[in-house]
Amino acid sequence: MMMVAAGLERATGGTVRVAGHDLTTLGEDALALFRRAHIGIVFQSFHLIPTMTALENVAVPLEFAGRRDAFDVAAAELKEVGLGHRTGHYPGQLSGGEQQRVALARAFAPRPRLLLADEPTGNLDGTTGAHIMDLLMERRTAHGTTLMLITHDPVLAGRCDRVARLEDGRIVDHGLHAAEVARA
């Protein structure tokens, strides 16, 4: 579902509308431009470029968008996630939690309308995962970004405004609120 919403995979049927655009009508180049302008993605496994510093990893999408202030924005976003002192470090020099904070900064730096987060705490211990979720929710609110969170954790799902439950690739419940998720 997340890959379809991001325009990374094609839907097998129906229409996919994101940010007012019908993704099913867009070609590959148009989808890439759409993602660059509207979508941020945070993966469970970080997907940082190992040969680039934290600052360079966060600046990449901004540079692709032609932003002349890419490194200034990247530095500010890293500071917001508590990594202003680690900008020159490579992913291999960072803990898992720090790598996920770099991934959060990279996803939020271009100010996407929609942020897709696929099990963003799946590779982290409980304490670090809770900190990452706090940051994710805080940055979402600060930027006014819509968040689509994919998780198996009912506690994380309960922090969302609305919840859709999937079973075998099909929506079985949707529009649930935190109290309903806790009972499910």
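Can you tell me which of T121, T146, T127 is buried (at least 16 other Cβ atoms within 10 Å of the Cβ), among the hydroxyl-bearing types (S, T, Y) and out of contact with any Cys (no Cβ under 9 Å at 6 or more places or on another chain)?
Working: T146 fails: buried (at least 16 other Cβ atoms within 10 Å of the Cβ); T127 fails: buried (at least 16 other Cβ atoms within 10 Å of the Cβ).
Of T121, T146, T127, the one residue that is buried (at least 16 other Cβ atoms within 10 Å of the Cβ), among the hydroxyl-bearing types (S, T, Y) and out of contact with any Cys (no Cβ under 9 Å at 6 or more places or on another chain) is T121.
Of everything in segment 69-81, what is within 23 Å of D125 (Cα to Cα) and either part of a helix (DSSP H, G or I) or without any contact (Cβ under 8 Å) to a residue 40 or more places away in the chain (or both)? Give them in sequence order.
Hits for segment 69-81 are L78, K79, E80.
Given V155, V181, which one is surrounded by fewer than 16 Cβ atoms within 10 Å (Cβ to Cβ), of a type in the set (A, V, I, L, M) and at pLDDT below 85?
None of the other options fit; the residue is V155.
What number of residues in segment 38-71 are modelled with pLDDT of 90 or more and more than 16 Å from R86 (Cα to Cα)?
Step one: list which residues in segment 38-71 are modelled with pLDDT of 90 or more, which gives 38-42, 47-71.
Then drop every residue that is not more than 16 Å from R86 (Cα to Cα), which leaves 38-42, 47, 60-70.
The total comes to 17.
Of all the residues that make up segment 1-56, how many are within 22 Å of R140 (Cβ to Cβ), in a strand (DSSP E or B) and either among the aliphatic types (A, V, I, L, M) or without any contact (Cβ under 8 Å) to a residue 24 or more places away in the chain (or both)?
Qualifying residue count for the region: 6.
In segment 105-168, which strands (runs of 3 or more DSSP E) lie fully inside it and hold 3 or more residues that are in contact with a helix residue (DSSP H, G or I) (Cβ under 8 Å, 6 or more places away or on another chain)?
114-118, 146-150
So which of G88, G66 ends up being outside any helix (DSSP H, G or I) and without any contact (Cβ under 8 Å) to a residue 12 or more places away in the chain?
The match here is G66.
Taking R101 as the residue in question, decide whether it is among the basic types (K, R), more than 21 Å from M3 (Cα to Cα), in a helix (DSSP H, G or I) and free of Cβ contacts under 8 Å to residues at least 60 places away in the same chain.
Yes.
Among the residues of segment 34-51, is there at least one that is farther than 30 Å from S95 by Cα and either surrounded by fewer than 20 Cβ atoms within 10 Å (Cβ to Cβ) or in contact with a strand residue (DSSP E or B) (Cβ under 9 Å, 6 or more places away or on another chain) (or both)? Lay out the reasoning, then the answer.
First, pick out the residues of segment 34-51 that are farther than 30 Å from S95 by Cα: 34.
Filter once more, keeping what is either surrounded by fewer than 20 Cβ atoms within 10 Å (Cβ to Cβ) or in contact with a strand residue (DSSP E or B) (Cβ under 9 Å, 6 or more places away or on another chain) (or both): 34.
Yes.
At pLDDT 90 or above and over 29 Å from T53 (Cβ atoms) - does that describe any residue in segment 130-147?
Yes: one or more hits.
Condition test on R106, is it of a type outside the set (G, A, S), within 25 Å of D29 (Cβ to Cβ) and at pLDDT 95 or above?
So R106 passes the test.
The values are calculated or read from the model by the stated rules, or taken from the named source; none is laboratory data. Being a predicted model, the structure only gives us computed values, none of them experimental. Glycine gets a Cβ as well: all are built from the backbone with ideal geometry, and neighbour counts include every protein chain shown.
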